[in-house]
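Heads up, the thing below is written out as structure tokens.
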Amino acid sequence: MAVQAFVMPLPETTTMHPIISCLFSLAVKPAQFAEFKALIATIVAATRAEPGTRVYEYSVNEELSTVHILERYNADAVVSHVDSTFAPFGQRFLALCTITSLVVYGTPDAEIRKRLDPFGAVYMTPFDGFSR
């Protein structure tokens, strides 16, 4: 029996989802983890002041070699986070880790995509479900 591929019809117009979530996966050299962790503490403190940031969490595996960042924003807060809050730390951040993947959930507009595309973003469009 053949399996048919699921094809979701796209609406004529797509409205932006009000929430954008990102899941980054990073490779970190364990010998540099202490320096990376200190930088992250500074970035988290700066991000904490952003009213449109709902979730901003870093998690690490036991070997201190893989880090995930879970981010969730009001859609109108993403550009400001990337351009204003993260930008001053970007060069040092990228010197201490390699972004191995970025998955973006929601329906980001062109301005958000312009900022996330350089990180190799894969976009997942919601089609059913809910958040509380």
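Things worth noting here:
- For region 101-110, a residue qualifies if it is surrounded by 13 or more Cβ atoms within 10 Å (Cβ to Cβ) and either over 25 Å from Q32 (Cβ atoms) or over 14 Å from the mean Cα position of the chain (by Cα) (or both), and the qualifying residues are V104, Y105, G106, T107, P108, D109.
- Residue, surrounded by the most Cβ atoms within 10 Å (Cβ to Cβ), within region 3-36, restricted to residues that are β-branched (V, I, T) and either in contact with a Lys or Arg (Cβ under 7 Å, 6 or more places away or on another chain) or modelled with pLDDT under 90 (or both): I19
- Among the residues of region 59-89, those identified as in a helix (DSSP H, G or I), within 20 Å of V103 (Cβ to Cβ) and without any contact (Cβ under 8 Å) to a residue 40 or more places away in the chain are A77, V79, H81, V82.
- Taken over region 96-132, the criterion of being in contact with a helix residue (DSSP H, G or I) (Cβ under 9 Å, 6 or more places away or on another chain), under 22 Å from Y58 (Cα atoms) and part of a helix (DSSP H, G or I) is satisfied by L96, I112, R115, L116.
- S131 hydroxyl-bearing (S, T, Y), modelled with pLDDT under 95 and surrounded by fewer than 17 Cβ atoms within 10 Å (Cβ to Cβ): yes
- Residue count for region 51-83, restricted to those that are more than 26 Å from Q32 (Cβ to Cβ) and among the polar types (S, T, N, Q): 2.
- Residue-level check: of (1) touching a residue at least 60 places away in the same chain (Cβ under 8 Å); (2) surrounded by 15 or more Cβ atoms within 10 Å (Cβ to Cβ); (3) closer than 25 Å to K29 by Cα, T98 misses just (2).
- Of the criteria (1) touching a residue at least 40 places away in the same chain (Cβ under 8 Å); (2) among the polar types (S, T, N, Q); (3) surrounded by 15 or more Cβ atoms within 10 Å (Cβ to Cβ), which one T42 fails: (3)
The values are calculated or read from the model by the stated rules, or taken from the named source; none is laboratory data. Predicted, not measured: the structure shown is a model, and the values here were computed from it. All Cβ positions, glycine included, derive from the backbone under ideal geometry; neighbour counts span all protein chains shown.
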